[in-house]
Amino acid sequence: MPIISTDDYKPPFWLPDGQSQTIFPSLFRKVEGIDYLRERIPTIDGDFLDIDFSKHNSTIESSNRKQSNRRTVNNSVIILSHGLEGDTSRQYITGMVKNFNAHGFDCIAWNFRSCSGEMNQTKTFYHSGATDDLETVIKHSLSKDYDKIYLVGFSLGGNLTLKYLGERGQNLYPEIQRAITFSVPLHLSSSSKKIGWLYTRRFNRSLINKILEKSQRFPEFQIDTSNIAKIKTLKDFDDAYTSQLHGFIDAEDYYERNSSLYFLDKINIPALIINAQNDPFLSEECFPFEKIKSMEKVYFQAPKMGGHCGFYPIDYQGVLWSEKRALEWF
């Protein structure tokens, strides 16, 4: 399919570059009015996922007790997957939920393992290609009797979403209609090198704290923390922990086997990838213009501005450009 060349995102003049367009909404944007209903669902390996429902205000009761105890007017749901060390309270998630709720969609925002405020129960955590957990959330949404499912993913959650769609290919649940992803590190290895020290320090602090907590709470897992002080980069962490806890040889093996770039040609529903060209997290390999031109279902849009999960518009009225774009796409 053709590259979408339209570039109608315009940032305020006081957010002139990718760094400011990334940081400002993350730190200062507030989204109010989201009423989550949390539900804990089991995973096939004995762990749990905490998911947060947000129902639009046209929800009506179903009289059939054998089905879900509520049914929506359009009977569609949006499933949202957050980024690295994010959760369902991040403004890019809550803003998207609020906008979709306002236009008649129920939403399910799910927290990756260890991201809901409570440590998960297995030795493994989550990672960029852990699609089994997204499958668990989708199955749970189907049990709610939704007719149509739409997927939204941000950053790591975008990579996971695209990999999931590519893995399933033509065997995807027919209820899944479309997907949109933002700020996706399509090529994990090169993106891990591109990300700057400011973000690396923040992510590593959070990730290392989780390793320390899990090793103390579950000594039977025998997680080695003796060299944890030597971890300086995301690749260091992925070499020492992400790869080892999840059955990969090392970080490069983990990156190579989970980069969604290698799964795009198997996607069988319309999927839009939006990566800003000034995204401080994304490498050149995350802009595969020529590769995507030959694909049937994958669309690619690369606005010049936007930052990483930013897209704060010049005419901000409570809704980001990305939130308007997702609604258009669905």
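The values are calculated or read from the model by the stated rules, or taken from the named source; none is laboratory data. These numbers come from a predicted model, not from an experiment. Because the Cβ atoms are built from the backbone with ideal geometry, glycine has one as well, and the counts that use them run over all protein chains shown. These accessible areas exclude ligands, DNA and RNA; they are computed on the full protein's heavy atoms, side chains included. Shrake-Rupley method; radii C 1.70, N 1.55, O 1.52, S 1.80 Å.
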Margin query: Suppose we filter SER294, SER243 for residues that are open to solvent by 40 Å² or more (accessible area, probe 1.4 Å) and either touching an Asp or Glu at 6+ places or on another chain (Cβ under 6 Å) or not aliphatic (A, V, I, L, M) (or both); which single one remains?
Written below: SER294
Margin query: Checking LEU27 against (1) in a helix (DSSP H, G or I); (2) surrounded by 12 or more Cβ atoms within 10 Å (Cβ to Cβ): exactly one of these is not met. Which one?
Written below: (2)
Next item on the list: For the stretch 159-198, name all the residues that are of a type in the set (Phe, Trp, Tyr), open to solvent by 50 Å² or more (accessible area, probe 1.4 Å) and at pLDDT 95 or above.
Entry: TYR173
Notebook entry, point to check: If you check ALA229 against the conditions, is it among the small types (Gly, Ala, Ser), more than 26 Å from GLN21 (Cβ to Cβ) and open to solvent by 20 Å² or more (accessible area, probe 1.4 Å)?
Noted result: yes
Item checked: Given (1) open to solvent by less than 20 Å² (accessible area, probe 1.4 Å); (2) in a strand (DSSP E or B); (3) not hydrophobic (A, V, I, L, M, F, W, C), number of the condition TYR299 does not satisfy -> (1)
Notebook entry, point to check: Right, GLU252: open to solvent by 20 Å² or more (accessible area, probe 1.4 Å), farther than 28 Å from ILE176 by Cα and not in a loop (DSSP other than H, G, I, E, B) or not?
Noted result: yes
Next item on the list: Provide a single number: the residues in the stretch 302-324 that are part of a loop (DSSP other than H, G, I, E, B) and among the hydroxyl-bearing types (Ser, Thr, Tyr).
Entry: 2
Check: Before we move on, is GLY153 closer than 28 Å to PHE218 by Cβ, buried (at least 18 other Cβ atoms within 10 Å of the Cβ) and touching a residue at least 24 places away in the same chain (Cβ under 8 Å)?
Finding: no
Next item on the list: Go through THR181, THR136 for me and flag whichever is among the β-branched types (Val, Ile, Thr) and touching a helix residue (DSSP H, G or I) at 6+ places or on another chain (Cβ under 9 Å).
Entry: THR181
Note to self: Checking the conditions here, which among ASN268, ASN275 is among the polar types (S, T, N, Q), open to solvent by 40 Å² or more (accessible area, probe 1.4 Å) and within 24 Å of ALA130 (Cα to Cα)?
What the structure shows: ASN268
Item checked: Number of the exception - GLN216 against (1) among the polar types (S, T, N, Q); (2) under 22 Å from GLY196 (Cα atoms); (3) part of a helix (DSSP H, G or I) -> (2)
